[in-house]
Amino acid sequence: RRYAIESSDNLESVVESIKKQLNKPNNSREFINFTLDWLQTIPYDTLENRISSNGSGFAAPKQLILNNKGDCDSKSTLFLALLK
């Protein structure tokens with residue numbers, strides 16, 4: 001929860017980019033559906049390999065976007081940060 005809250009301010013441009021893709025930018029359901037669909041296109045990675053990640057098994061929201069890979073915990077945290 002802390003990572004999501006701390007990351008939410010740095011993701012405003014991502015939220016605005018998502019809203020530009022929507023028919024009704026202020027419709028919460030449409031935002032949630034679009035965002036979940038997008039997150040599922042990000043390749044899954046356990047993030048435990050020190051060659052391809054820091055080996056911690058977690059990527060902060062901004063890092064997940066930059067690396068375009070993440071695990072379920074990382075994607076869930078990004079999703080919560082975008083909702084905030």
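The values are calculated or read from the model by the stated rules, or taken from the named source; none is laboratory data. Owing to the predicted nature of the structure, the values given are computational and were not obtained by experimental measurement. Positions of Cβ are generated from backbone atoms using ideal geometry, with glycine treated the same way; all protein chains shown enter the neighbour counts. Note: accessible area is taken over every heavy atom of the protein model, side chains too, but ligands, DNA and RNA are not part of it. Shrake-Rupley method; radii C 1.70, N 1.55, O 1.52, S 1.80 Å.
Which value, in debye to the nearest 20, describes the size of the charge dipole of the chain about its Cα centre when Lys and Arg Cβ atoms bear +1, Asp and Glu Cβ atoms bear -1, and nothing else is charged? Can you show the working numbers first?
On the way: 11 positive and 10 negative charges, 33 e Å.
Using Cβ point charges on Lys, Arg, Asp and Glu, the chain gives about 160 debye.
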Once you place label points 7 Å from the Cα toward the Cβ at Asn68 and Arg2, how far apart are they in nm? 3.2
Counting only the heavy atoms of the protein chains, how much of Ser13 is accessible to a 1.4 Å probe, in Å² to the nearest 10? 80
For the chain, find the longest principal axis of its Cα atoms and tell me its angle to the long axis of helix 72-83, 0 to 90°, nearest 10. 30
Placing one equal point scatterer on each C-alpha of the chain and summing with Debye, one gets log10 I(q)/I(0) at q = 0.14 Å⁻¹ equal to -0.46
Given a 1.4 Å probe, the accessible area of the chain per residue, as a whole number of Å², is 69
If Lys and Arg each add +1 and Asp and Glu each add -1, what is the summed charge of the other residues whose beta carbon sits under 13 Å from the beta carbon of Asn26? +2
How many percent of the accessible area of the chain is carbon or sulfur, using a 1.4 Å probe? 47
Here, Ile42 and Asn23, labelled 7 Å along Cα→Cβ, have an inter-label distance in nm of 2.7
